[in-house]
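The values are calculated or read from the model by the stated rules, or taken from the named source; none is laboratory data. Keep in mind that what you see is a predicted model, and the values were worked out from it rather than measured. Cβ placement follows ideal geometry from the backbone for every residue including glycine, while neighbour counts extend to all protein chains displayed. To get the accessible areas, we keep the full protein, side chains included, count just its heavy atoms, and leave off ligands, DNA and RNA. Shrake-Rupley method; radii C 1.70, N 1.55, O 1.52, S 1.80 Å.
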Amino acid sequence: MTESRESAVTGQAWSSHEGAAALAAPTSTEKRRAFDGRILLGFFLPVAIALLWEGAVTFGLAEGRLVPPPSRIIATLSALAQTGELWTHAWMTLWRVLVGFVIGAVSGIVLGALSGSSQTLRQLLDPTLQALRAIPSIAWVPLFILWLGIFEASKVALIAVGVFFPVYLGIAGAILSVDRKLVEVGQVFRLSRVQLARRILLPAVLPEAVIALRSGLGLGFMFVVAAEFMGASEGLGYLLVDGQQMGKPDQILAAIIAFAILGKLADSLLVAATRPLVRWQDIVRERL
Amino acid sequence: MLSFEHLSKTYADGTRALSDINLTVHEGEIVALIGGSGCGKTTLLRLIAGLDRESAGRIRLDGEVLSGPHPAVGIVFQEPRLLPWLSVFDNIAFGLAGVNAAERQARVTHALEKIGLVEHANRWPRDLSGGQQQRVSIARAFVTNPKVLLLDEPFSALDAFTRASLHDHLLGLWEETRPTVVLVTHDVQEAVTLADRAVVMQPKPGRIFDELPLTLSRPRDRTGLPFETSVRRILTALDHSLKAPQQQPQRERDRQAAALWW
């Protein structure tokens, strides 16, 4: 008797708990559903266009010679993958971007840190670097070829130049914009210059540094195409040029898709590698 | 003992923030600096903390002239100023870099207990409320056992309930080591709640207008008559301090108006 009443009471309590939960919960579940929906929404347009085009070519409404239907692009991609060509080209491109990115990013970080942390060095370095930045990077190509030859060195140099400037600007700007209030906390605890750099400046700069590196990486991929256009026998850029000269639009599109996938993968890798460093940030980064 | 001798501060743009400040704060005393905005309260704290340099005069701590940040001086800023990339624990331990690990652990844990945030030790500052963040900031200053603690309107951004509870947390920490405290505030109630002496300041240039001893016994009853009387005395002093300089420009304006009328 008492038990049943008790259970009735707890049952009631439960239901009221659930009521409370139901009152509180919708925001989170709704958010999740809306979020999932939005991801699917992003797929809708490209998939619809691909299906429409596929249908149009299949039913003879359009001729797929210059704009090949998705099925032919996929077939080309898998053929390239089967012969192993795709991997050689993709690997070559990745290697160039990687080497160029490392050189460009390291020099960008070093010079950016120097010019961000010392006014004298900034006045010494910055005008020259800004002037160099104003030159379109592609304009260096002829000079690089004369200086470094037509092989890898000139290509890597071009990519490094492309990566350097956004990283340099990002790092220097990030250091200059570190909150004075946090620096004062370091001063109050009498940190030396080195300690201040390590314990306050470095962590404060990290989020913006990651963004600078990401935009540097993006430019690296942009410039690897330019570099491979100027004469390469391997690389995804070569596939593009080859496709144009041989009249194979499916190969061009296959290479473009490969670029998209590589670029996205590289960016995600960079983000994943740096996430532990900036986990403390009070932002909605997951959405980006 | 903390003393100011003919302390003045003129900023590069010619603003006279402080002019000829002479004051002695005894060991273990809590002094509240009260005044309207622009009377140099914060400037005075920044000079003691070593974040700015005085233009003239000197600050002495137990006879030693202060120049630059001093290990025996701690400060709590108006904002919590926690380092967002450090956990609550590491934020409190920030000034204990030279202390060995066991001692650091013990001191920080004790401080966390005192401010009632033990279960939040491993969280990021962003997960705390404003009042909790300010408590962490107070603990960060106390944990190094400073001889002098400077508080720069640390409760001004908080609601009345949070403020009252933080006053208790602050007094609880203060009881343990009894550091000398210089508290800047524009809240008269707060000054009467915490301080042994109220120093009323006057703007343009910042200078000391009056000193009022607050001899109420602790813990102080905020609703009692003596409390009310003290508040009223300070308010009166503040009133006078603001009237005196304002008459000056008024007369000046009249003179100018007369000149124009001519």
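Summary of computed values
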read-out	value
0 to 90° range, to nearest 10: angle between helix B:101-115 axis and chain B longest Cα axis	60
Helix B:130-142 vs. chain B, principal-axis angle (Cα, 0 to 90°, nearest 10)	80
The protein assembly as shown: antiparallel DSSP beta bridges as a percent of all, rounded to 5	50
Rounded tilt (10° steps) of B:225-261 against the dominant C-alpha axis of chain B	40
Estimated FRET transfer efficiency when R0 is 22 angstrom, pair A:Glu54-A:Phe229 (beta carbons, to 0.05)	0.15
Rounded, prolate or oblate (a/c below 1.5 giving rounded, otherwise prolate when a/b exceeds b/c) for the stretch A:144-285 by Cα gyration tensor	prolate
Members of the stretch A:171-192 that become less accessible by 40 Å² or more once partner protein chains are added (1.4 angstrom probe, chain alone as reference)	A:Lys181, A:Leu182, A:Glu184, A:Val185, A:Val188, A:Phe189, A:Arg190
Contour excess over end-to-end distance, with Cα ends at A:Gln130 and A:Val271 and 0.36 nm allotted per residue	48.0 nm
Förster radius 22 Å - calculated FRET efficiency between B:Arg218 and B:Val118 (Cβ-Cβ, nearest 0.05)	0.25
Under 5 Å, built H, 5+ apart or other chain: amide partners of B:Ser55	B:Ser8, B:Lys9, B:Thr10
In the A-B interface, the accessible area buried, summed over both sides, Å² (probe 1.4 Å)	1900
Out-of-range pairs (alpha-carbon distance over 24 Å; input A:Lys181/B:Lys243; B:Lys41/B:Lys114; A:Lys181/B:Lys41; A:Lys181/B:Lys204)	A:Lys181/B:Lys243; B:Lys41/B:Lys114; A:Lys181/B:Lys204
Spatially proximal aspartates and glutamates relative to A:Lys155 (Cα-Cα < 17 Å; intrachain offsets below 8 disregarded)	A:Glu228, A:Glu234
The protein assembly as shown shape via C-alpha gyration tensor axes, a/c threshold 1.5	prolate
For the stretch A:81-95, Karplus couplings with θ = phi - 60° (6.51, -1.76, 1.60), whole Hz, Gly/Pro x	5, 5, 6, x, 4, 3, 5, 4, 5, 4, 4, 4, 4, 4, 4
For the stretch A:48-77 versus the stretch B:115-129, the gap between their alpha-carbon centres in whole angstrom	58
Delta accessible area of at least 50 Å² on complex formation, residues of the stretch B:81-95, 1.4 Å probe, chain isolated as reference	B:Arg81, B:Trp85, B:Phe94
